[in-house]
Amino acid sequence: MTDSPRPVRTRYAPSPTGDPHVGNIRSALFSWAYARANGGQFLLRIEDTDRNRLVETSVGAIMESLRWLGIDWDEGPDMGGPHAPYFQSQRLPLYQKAAETLIDRGRAYRCFCTAERLDQMRAAQAAAKRPPGYDGLCRTLSRDESDVRARREPFVIRFAMNREGQTVLHDIIRGDVVFENSLQDDFVMLKSDGYPTYHLALIVDDTGMEISHCIRGDEWISSAPKHIQIYEALGWEPPQWAHLPLILGPDHKKLSKRSGDTAVLDYRENGYLPEAMVNFLAFLGWSLDDHTSILGAAELTKHFDLSRVVPNPAVFDIERLNFLNGHYIREMDDARWEATIADWCRRQLPESVRRPIDPVVVKSVAPLLKERVARLDEIAGMVEFLFGYEAPEHELEALTERVGGDVEVALRTVDGALVALDAVPEEHWTRDDIEAAIRGMEATLGVKLRKFVPVLYVAEMGRPQGIPLFDSLALLGRERTLQRLRTARARLG
RNA sequence: GGCGCAUUCGUCUAGUGGCCUAGGACACCGCCCUCUCAAGGCGGAGAUCAGGGGUUCGAAUCCCCUAUGCGCUACCA
């Protein structure tokens, strides 16, 4: 094992079989952060060798996901680079050549076994309770016979695993992992359609692209001996290995669509901020020290280190993501926050609300909204009452639920507010004067403000809670405020 | 079944033989603040460090066994 210091170069190499999900993107984040923390490069490579599972829109979604999170790459399919192309489907001759080299060296062979034979073989192995694996039938074919059959029969190329001794993986996160070679089998590295499998393509491309660290999910650790042996057979220097712990769903199983894994871009649609996502993902399997839990990308790319990645799997906790999202919302500057509010209102407010969304309303409501929103998709529902003249829909029960269902109290509150607010002239319709008027009701009603005020929330906003009442009424205007009180009054009987 | 990985509060984690009667964060509970709801402040509860054996003056930290969980076991990645 040579220790030639290589410049750090990492990569994210997804297969375009759908939109990237969180588990997958966390690997990208760690690879990227590691490269950046070490002054290295980060590459994007598309592993499109499975033509059956290819999804047309994936490449766009992959790049969009990375961009959203602020993960930038130095070489990739969109920009090219010194090791182009970055689509494996465009690198077929390279894999062919490596496979031929391996055949010439006796470390690979053509296999003519049919799918049916393979199925039968596996069935027999299962029945005999033997471990499954290729039985090596074609490994003993002579080169001449192989050449002849290759002219008219379809075939795959299998790697001839060394079946003696052990293969040991030196993993940065897990230390040494030892595999018995006798348990390995001759896997397919080049498919009958001429495309390579992951195992071959990985080695050819990581070597060709001068990748220094192979950072990937733990689900790959079992196939590490395959990869190590190919490197040996080719005489190439392997990268440093780092197998990241899996991210588990709430059911403690590997995150999947079933267990609630969702595409990264879905989180954007659901109102999450990229900063929150990055912060959240960064701490799934890694930590900076014994007390930091809020960390931005700038700090992450400064301090990230593979030696502080833990080996055990982590459960995805949406509550924590929600907390971080609220935190980053509160940290936003006013301009961005107002733009965000306008954007989500435009997207989610009913069509009856005129576009563009009134910027004056947005600006006034922004500070009131900031500490009350955890997800961006909550915005529209909280401000909808400010748009449109009609009173919000609410049931009679809603009006009285916070006063113990007491219709009498609700009635007196509404009547009291009608009188108190009607006494506030148009030119005095300000937050402070409204507050004074409503506080004055405490004396006339003989009820504490906090006890009767929820009735007014429902009457004006349709809900017993939301942005502060006095500000809301000022924003609503005198006429609409009184009209809604009359509606509530009518509903109370 | 085989092989591999893992195991500290419900969750993410700190911890690399004495600083640990185990620290931080989310969630939870209480109090304060308060026009609702939040946010914020303060405080609380919550882990016999999976279990059992060792090693050691001393173990969450080292070794062994067991249990449990997860991953892999394709011409998918």
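The values are calculated or read from the model by the stated rules, or taken from the named source; none is laboratory data. Nothing here was measured: the structure is a model prediction, and the numbers come from that model. Virtual Cβ from ideal backbone geometry, glycine too; neighbours counted across all protein chains shown. What goes into the accessible areas is simple: the full protein's heavy atoms, side chains included, and nothing from ligands, DNA or RNA. Shrake-Rupley method; radii C 1.70, N 1.55, O 1.52, S 1.80 Å.
Pick out the one residue from A:Arg439, A:Arg480, A:Arg463 that is of a type outside the set (Gly, Ala, Ser) and under 30 Å from A:Gly271 (Cα atoms). Let's see the steps before the verdict.
Working: A:Arg439 fails: under 30 Å from A:Gly271 (Cα atoms); A:Arg480 fails: under 30 Å from A:Gly271 (Cα atoms).
Only one candidate passes the filter, namely A:Arg463.
Scanning the stretch A:222-258 for residues that are of a type in the set (Gly, Ala, Ser) and under 14 Å from the mean Cα position of the chain (by Cα) yields A:Gly249, A:Ser256.
When residues in the stretch A:258-280 are screened for being in contact with a His (Cβ under 8 Å, 6 or more places away or on another chain) and open to solvent by 20 Å² or more (accessible area, probe 1.4 Å), 1 of them pass. Scanning the stretch A:82-113 for residues being without any contact (Cβ under 8 Å) to a residue 60 or more places away in the chain and either more than 23 Å from A:Arg152 (Cβ to Cβ) or open to solvent by 70 Å² or more (accessible area, probe 1.4 Å) (or both) gives a total of 11.
Listed conditions (1) part of a helix (DSSP H, G or I); (2) in contact with a Ser or Thr (Cβ under 8 Å, 6 or more places away or on another chain); (3) away from RNA strand B (no atom under 12 Å from the Cβ) are all met by A:Glu232, apart from (2). Of all residues in the stretch A:173-220, those being out of contact with any Phe, Trp or Tyr (no Cβ under 8 Å at 6 or more places or on another chain), within 7 Å of RNA strand B (Cβ to nearest atom) and closer than 16 Å to A:Ala13 by Cα number 4. Taking the stretch A:235-246 as the range and being of a type in the set (A, V, I, L, M, F, W, C) and open to solvent by 10 Å² or more (accessible area, probe 1.4 Å) as the test, the residues that pass are A:Trp236, A:Trp241, A:Leu246. A Cβ distance below 7 Å, combined with a sequence gap of six or more or placement on separate chains, defines the contacts here; from the stretch A:314-343, residues that are near RNA strand B (Cβ under 9 Å from one of its atoms) reach residues that are of a type in the set (Ser, Thr, Tyr) in the pairs A:Leu321/A:Tyr272. Each residue in the stretch A:443-456 was checked for being near RNA strand B (Cβ under 10 Å from one of its atoms) and either in contact with a strand residue (DSSP E or B) (Cβ under 9 Å, 6 or more places away or on another chain) or of a type outside the set (A, V, I, L, M) (or both), and 5 pass. Can you spot a residue in the stretch A:61-69 that is open to solvent by less than 10 Å² (accessible area, probe 1.4 Å) and within 13 Å of RNA strand B (Cβ to nearest atom)? Yes, some residue in the stretch A:61-69 is open to solvent by less than 10 Å² (accessible area, probe 1.4 Å) and within 13 Å of RNA strand B (Cβ to nearest atom). Give the stretch A:476-493 a look and list any residue that's open to solvent by less than 40 Å² (accessible area, probe 1.4 Å) and hydrophobic (A, V, I, L, M, F, W, C), or say none. Once the filter is applied, which keeps residues that are open to solvent by less than 40 Å² (accessible area, probe 1.4 Å) and hydrophobic (A, V, I, L, M, F, W, C), the stretch A:476-493 yields A:Leu476, A:Leu482, A:Leu485, A:Ala488, A:Leu492. Once the stretch A:290-313 is narrowed to residues that are more than 8 Å from RNA strand B (Cβ to nearest atom) and without any contact (Cβ under 8 Å) to a residue 40 or more places away in the chain, the residue that is least open to solvent (accessible area, probe 1.4 Å) is A:Leu295. Reported count of residues in the stretch A:239-277, each being of a type outside the set (A, V, I, L, M), touching a strand residue (DSSP E or B) at 6+ places or on another chain (Cβ under 8 Å) and away from RNA strand B (no atom under 15 Å from the Cβ), is 3. One residue stands out among those in the stretch A:345-366 that are free of Cβ contacts under 8 Å to residues at least 24 places away in the same chain and part of a helix (DSSP H, G or I): the one that is nearest to A:Leu485 (Cα to Cα), which is A:Val360.
What are the residues in the stretch A:114-149 that are of a type in the set (Gly, Ala, Ser) and surrounded by fewer than 13 Cβ atoms within 10 Å (Cβ to Cβ), if any? Give the steps one after another, and end with the answer.
So the first thing to find is which residues in the stretch A:114-149 are of a type in the set (Gly, Ala, Ser), and the list is A:115, A:123-124, A:126-128, A:133, A:136, A:142, A:146.
Once the filter is applied, which keeps residues that are of a type in the set (Gly, Ala, Ser) and surrounded by fewer than 13 Cβ atoms within 10 Å (Cβ to Cβ), the stretch A:114-149 yields A:Ala115, A:Ala123, A:Ala124, A:Ala126, A:Ala127, A:Ala128, A:Ser142.
Taking the stretch A:434-452 as the range and being open to solvent by 40 Å² or more (accessible area, probe 1.4 Å) and either touching an Asp or Glu at 6+ places or on another chain (Cβ under 6 Å) or among the acidic types (Asp, Glu) (or both) as the test, only A:Glu442 passes. For the stretch A:457-475, taking the residues that are open to solvent by 30 Å² or more (accessible area, probe 1.4 Å), within 6 Å of RNA strand B (Cβ to nearest atom) and closer than 20 Å to A:Ala374 by Cα, the one that is modelled with the lowest pLDDT is identified as A:Gln465.
I'm trying to understand the selection: among the residues of the stretch A:303-362, which are among the acidic types (Asp, Glu) and either in contact with a strand residue (DSSP E or B) (Cβ under 6 Å, 6 or more places away or on another chain) or closer than 30 Å to A:Asp171 by Cβ (or both)?
Within the stretch A:303-362, A:Asp305, A:Asp317 meet the criteria.
Here A:Glu210 meets each of (1) of a type outside the set (Ser, Thr, Tyr); (2) open to solvent by less than 40 Å² (accessible area, probe 1.4 Å); (3) at positive phi with one exception, condition (2).
All conditions in (1) within 27 Å of A:Gly271 (Cβ to Cβ); (2) among the hydrophobic types (A, V, I, L, M, F, W, C); (3) in a loop (DSSP other than H, G, I, E, B) hold for A:Ile379, with the sole exception of (3).
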